[in-house]
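Report on the structure given below.
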Amino acid sequence: MLQTAKSNLQPPTYGNLITVLSIDGGGIRGIIPGTILHFLESELQKLDGEHVRLADYFDVIAGTSTGGLVTAMLTAPDENNRPLFAAKDINKFYLEHCPKIFPQVKSIFPGVSKMMKAFSGPKYDGAYLHRVIREKLGTTRLHQTLTNVAIPAFDIKELQPTIFSTYEVKNTPSLNAQLSDICISTSAAPTYLPTYHFQNKDHSGSVREFNLTDGGVAANNPTLVAIGEVTKQIMKGSSDYFAINKLDYGRLLVISLGTGSAKCQRKYNAKDAAKWGALKWISFDGCAPIVDVYSQASADMVDFHLNIIFQTLNSEKNYLRIQDDTLADGAISSVDIATKENLENLVRVGEKLLEKPVSRVNLETGEVNPTSENETNQEALIRFAKMLSQEKRLREIRSPH
């Protein structure tokens, strides 16, 4: 029997809410949610002390691609069984390592170089990324995370998503892979980084083979993945969710963090695209339109669906989606232009995003507009921090443990 690392958060059955944190994919743009998470954790520390971490407040944290890496950083245990990274350290990691993960090669003929690379293989070999992930996460396995996590990838051999979920490791021991293998898999973005193959042996000695690529193929915005994993526990009658009715979405408290608009922010013209062949779809002046389309569509559809649910239940204030759809063309909206200047600009994007108004999808027009409450993202996070703190204390009072 797997012994999971003990969470500092009592089960939802003793509280009023089910708390969910979700982080999109987006390469170097992971700096944007990194900035938001730093602010949220600092607000929780003001309420409950400098020792607290985000993993102490969320029943499940989900992340895709770069968001999967952040999820592991926030939930993997250190030698003291506390989170390996504080939220404030996430951007430090990105600023230090992204230039080596995505080295910028100078060429006198950049167009020719990009074209040749599109023919010859992925843009980056992933060697440094794999090495640094293994160094940081070591041999830590999925069941050892300090709260529940859900990290999607896509199996190109089985042609179906693979969800690495702590909820499922007892039922499906073959999913209990090393976090390093999971993070490498979920971040293997098509055309940018190579697909990833590994094998995992369960406690009975059975070996499972994984042939994985980027989790964004399945769920670039993994919020519904997290909610789905929680819902399965409720449906199964898990003791952690014993007092919660099936599909009681009104009890969800969800923070969903985007990484900015799709790569290159380019709006493609259908008349031009009608003439494209395979090469144009995978390489357009350094962009990858097919990647833009599936990642942006995936994220937006999840947000639209959740807005329908929360607005129907009159629970809009329990769902916070923070996303910047106004990134300019060029480096700032790329997933891999990891120059010092661009990475620092992304930090500023995250800081400015805190000051912007909370926005919500208009269900009739599909447009994302500021809410009528005139609340900023920063003010909303302060409000959510208070709710998270209150929920944690309530569970501690009610719990016999």
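Which of the residues that make up the range 159-171 are open to solvent by less than 40 Å² (accessible area, probe 1.4 Å) and assigned to a loop (DSSP other than H, G, I, E, B)?
To start, the set of residues in the range 159-171 that are open to solvent by less than 40 Å² (accessible area, probe 1.4 Å) comprises 162, 164-169.
V169, the sole residue that qualifies.
Of all residues in the range 375-396, which are farther than 11 Å from E43 by Cα, open to solvent by 50 Å² or more (accessible area, probe 1.4 Å) and not basic (K, R)?
Q390, E396
Out of all the residues in the range 207-218, which are surrounded by fewer than 19 Cβ atoms within 10 Å (Cβ to Cβ) and either in contact with a helix residue (DSSP H, G or I) (Cβ under 7 Å, 6 or more places away or on another chain) or not in a strand (DSSP E or B) (or both)?
R208
Of the residues L69, L37, which single one is in a helix (DSSP H, G or I) and open to solvent by 10 Å² or more (accessible area, probe 1.4 Å)? Spell out the reasoning first.
On the way: L37 fails: open to solvent by 10 Å² or more (accessible area, probe 1.4 Å).
Going through L69, L37 in turn, the sole match is L69.
Tell me yes or no: at least one residue of the range 316-323 is open to solvent by less than 80 Å² (accessible area, probe 1.4 Å) and more than 28 Å from T147 (Cα to Cα). Show your work before the answer.
Looking only at the range 316-323, we keep the residues that are open to solvent by less than 80 Å² (accessible area, probe 1.4 Å), and these are 316, 318-323.
From the residues that got through so far, the ones that are more than 28 Å from T147 (Cα to Cα) too are none.
Scanning the range 316-323, I find no residue that is open to solvent by less than 80 Å² (accessible area, probe 1.4 Å) and more than 28 Å from T147 (Cα to Cα), so the answer is no.
Taking the options S185, S174, S204, name whichever one is without any contact (Cβ under 8 Å) to a residue 60 or more places away in the chain and open to solvent by less than 10 Å² (accessible area, probe 1.4 Å).
Details: S174 fails: open to solvent by less than 10 Å² (accessible area, probe 1.4 Å); S204 fails: open to solvent by less than 10 Å² (accessible area, probe 1.4 Å).
Of S185, S174, S204, the one residue that is without any contact (Cβ under 8 Å) to a residue 60 or more places away in the chain and open to solvent by less than 10 Å² (accessible area, probe 1.4 Å) is S185.
Taking only the range 62-80 into account, find how many residues are free of Cβ contacts under 8 Å to residues at least 24 places away in the same chain and either within 14 Å of G258 (Cα to Cα) or of a type in the set (D, E) (or both).
Number satisfying all stated conditions: 2.
Could you tell me whether any residue of the range 85-94 is crowded, with 24+ Cβ neighbours inside 10 Å, in contact (Cβ under 8 Å) with a residue 40 or more places away in the chain, outside any helix (DSSP H, G or I) and among the aliphatic types (A, V, I, L, M)?
No, the range 85-94 contains no residue that is crowded, with 24+ Cβ neighbours inside 10 Å, in contact (Cβ under 8 Å) with a residue 40 or more places away in the chain, outside any helix (DSSP H, G or I) and among the aliphatic types (A, V, I, L, M).
Pairs needed: first member in the range 189-201, outside any loop (DSSP other than H, G, I, E, B); second member anywhere, buried (at least 19 other Cβ atoms within 10 Å of the Cβ); C-beta distance under 6 Å; at least 6 residues apart or different chains.
Qualifying pairs under 6 Å: Y196/I184; Y196/S185; Y196/A188; Y196/L212; F198/D181; F198/F210; N200/A177.
Whether any residue in the range 245-257 is open to solvent by 30 Å² or more (accessible area, probe 1.4 Å), without any contact (Cβ under 8 Å) to a residue 60 or more places away in the chain, under 19 Å from G26 (Cβ atoms) and of a type outside the set (A, V, I, L, M) is what I want to check.
Within the range 245-257 (the criterion being open to solvent by 30 Å² or more (accessible area, probe 1.4 Å), without any contact (Cβ under 8 Å) to a residue 60 or more places away in the chain, under 19 Å from G26 (Cβ atoms) and of a type outside the set (A, V, I, L, M)), the answer is no, since none of the residues qualifies.
Does at least one position in the range 219-242 carry a residue that is open to solvent by 60 Å² or more (accessible area, probe 1.4 Å), in a loop (DSSP other than H, G, I, E, B) and not acidic (D, E)?
yes
If K317 passes every condition in (1) in a helix (DSSP H, G or I); (2) at pLDDT 85 or above; (3) closer than 14 Å to V368 by Cα but one, which one does it miss?
Status for K317: all satisfied but (3).
Being part of a helix (DSSP H, G or I), at pLDDT 95 or above and either open to solvent by 10 Å² or more (accessible area, probe 1.4 Å) or out of contact with any strand residue (DSSP E or B) (no Cβ under 8 Å at 6 or more places or on another chain) (or both) is the requirement here; does L129 meet it?
Numbers: part of a helix (DSSP H, G or I): yes; at pLDDT 95 or above: yes; either open to solvent by 10 Å² or more (accessible area, probe 1.4 Å) or out of contact with any strand residue (DSSP E or B) (no Cβ under 8 Å at 6 or more places or on another chain) (or both): yes.
For L129, the condition - part of a helix (DSSP H, G or I), at pLDDT 95 or above and either open to solvent by 10 Å² or more (accessible area, probe 1.4 Å) or out of contact with any strand residue (DSSP E or B) (no Cβ under 8 Å at 6 or more places or on another chain) (or both) - is met.
Report whether or not Y268 is open to solvent by 20 Å² or more (accessible area, probe 1.4 Å) and either at pLDDT 65 or above or among the aliphatic types (A, V, I, L, M) (or both).
Numbers: open to solvent by 20 Å² or more (accessible area, probe 1.4 Å): yes; either at pLDDT 65 or above or among the aliphatic types (A, V, I, L, M) (or both): no.
In short, no.
The values are calculated or read from the model by the stated rules, or taken from the named source; none is laboratory data. This one's a predicted model, so the numbers in the text were calculated from it and none came from an experiment. Because the Cβ atoms are built from the backbone with ideal geometry, glycine has one as well, and the counts that use them run over all protein chains shown. Accessible surface is based on the protein model in full, side chains and every heavy atom, while ligands, DNA and RNA are left aside. Shrake-Rupley method; radii C 1.70, N 1.55, O 1.52, S 1.80 Å.
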